[in-house]
Amino acid sequence: MRNRPRFCLPVLALCFALSAVVHAATYRGHIGKQAVVVELFEQGSELPREGRYAYLAHGQILLLESGGEPGLLTEYRGRSSSDDEAISGYWQLQRDDNGWQGRWLKQPGERGLPITLQPASLPNETLALLHLLDGENVRSGFDLLLAASPARKLRSGEVRRMAGTAVLPQHWQRGQLRVEGFLLAKPEQTGDARINALLQLQLQDAIGEAEQCEVGAPRGLSDYVQVDTPSYASTHYLSVATLRDYFCGGAYPSAGSTARVYDRRSGQLVGLATEVYQVDDAKQTAFRKLVAHHLKSLVSAEEAECYADFLRNPNQADAPWLYLNGIEANGVIVSLGYPQVAKVCEISVTLPYASMQPFLRPESRHDFVKQH
């Protein structure tokens, strides 16, 4: 199994340095008769400085930036083009209780179309799922509200077996943007319905990232692919591997892999490195030696050259980063890599469960090794 390290998406123009009093607020509303979802970065009662929005009819994101005439927000089709051709309109807003009202203008001075916006919030069940996915991270829900757009509807394929379980493939694509995943086709355990809700939410969120990638890249050059697959399924656990490969502007494409492990009895995520194993701090030296020991028998000549220093001294200063990246039938997947290097120097190894026994946390799930 080969994996590539994950890097963050390039920072978009609207992701400016926010002070403590600036916050992102999400709204539902209409421009004329067309339904929209809008995210505005607000500071008190002042006109928002930046934002983004999309029509539910097609789901594509447009950017809003301050500038030009006072009291106007300029609407762009993408951040890559600053010339006049990229400007698709202007917004003139004023406060309306907790929302906003105003006009959308093709050109300043025209009558335009009415804008009405009211605060939008996610359902409590969605907020609970977001908390499971991202812990305490705060997210606006803009992309998740856009999941209602027909352009973002996930299409289902025929039921197939993957990693020993029946799955229902899910697929979304527009041009060079593609998101693929799955749902459990035959929920059998008590937590499977919750896992399906989490899988669905992650796919919807990925569509939002793909759309945002398109906004951030030079026009016509965005490329975003995310594929979720089950790497392991048993009565008690499900491990899902996520591979991303994207270009959103910048010097080079980025790619990487992550994994999530679910407990099928509770529907909860299992934190391999926080709940089950300890591989850092006092255990880090022993863990790196274990990884190097298994790596020696697996690497090719080219990979051995990449990891020569690590194999000689697993704890040397320039050692690759390591992280627990899911499970398989035979053990725990550990990914290694050096940031910003060729794929040949990116690799994953599977450490047998027995070899990971010394790293079990005292408070960990003691049934994990026996019942994986």
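The values are calculated or read from the model by the stated rules, or taken from the named source; none is laboratory data. Remember, it's a predicted structure, so these values are computed and weren't measured experimentally. Ideal geometry is used to build each Cβ from the backbone, glycine not excepted, and the neighbour counts take in all protein chains shown. These accessible areas exclude ligands, DNA and RNA; they are computed on the full protein's heavy atoms, side chains included. Shrake-Rupley method; radii C 1.70, N 1.55, O 1.52, S 1.80 Å.
Brief remarks on what is shown
- Within the span defined as the stretch 276-284, one or more residues are within 30 Å of Ala185 (Cα to Cα), touching a helix residue (DSSP H, G or I) at 6+ places or on another chain (Cβ under 7 Å) and either surrounded by 15 or more Cβ atoms within 10 Å (Cβ to Cβ) or modelled with pLDDT under 90 (or both).
- Contact map, the stretch 74-91: first residue modelled with pLDDT of 90 or more, second residue of a type in the set (Lys, Arg) and open to solvent by 40 Å² or more (accessible area, probe 1.4 Å), Cβ cut-off under 7 Å, separation 6 or more or different chains; pairs are Gly89/Lys106.
- Residue that is modelled with the lowest pLDDT [pool: residues in the stretch 156-177 that are of a type in the set (A, V, I, L, M) and in a strand (DSSP E or B)]: Leu177
- One residue stands out among those in the stretch 118-141 that are touching a Lys or Arg at 6+ places or on another chain (Cβ under 7 Å) and buried (at least 16 other Cβ atoms within 10 Å of the Cβ): the one that is modelled with the lowest pLDDT, which is Leu130.
- Only one of the numbered conditions (1) of a type outside the set (A, V, I, L, M); (2) open to solvent by 20 Å² or more (accessible area, probe 1.4 Å); (3) in contact (Cβ under 8 Å) with a residue 60 or more places away in the chain is violated by Glu211, and that is (2).
- The listed residue being part of a helix (DSSP H, G or I) and either aromatic (Phe, Trp, Tyr) or within 27 Å of Thr242 (Cα to Cα) (or both), out of Leu324, Leu311, Leu295: Leu295
- Scoring Thr229 on the criteria (1) in contact with a strand residue (DSSP E or B) (Cβ under 6 Å, 6 or more places away or on another chain); (2) touching a residue at least 60 places away in the same chain (Cβ under 8 Å); (3) open to solvent by less than 40 Å² (accessible area, probe 1.4 Å) leaves a single failure, condition (3).
Here's the yes/no breakdown for (1) under 25 Å from the mean Cα position of the chain (by Cα); (2) among the hydrophobic types (A, V, I, L, M, F, W, C); (3) at pLDDT 90 or above:
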| residue | (1), (2), (3) |
| --- | --- |
| Asn325 | yes, no, yes |
| Glu328 | yes, no, yes |
| Lys343 | yes, no, no |
| Ser348 | yes, no, no |
| Pro358 | no, no, yes |
| His372 | no, no, no |
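- Here Gly112 meets the list (1) touching a Leu at 6+ places or on another chain (Cβ under 6 Å); (2) modelled with pLDDT under 90 almost entirely, failing just condition (2).
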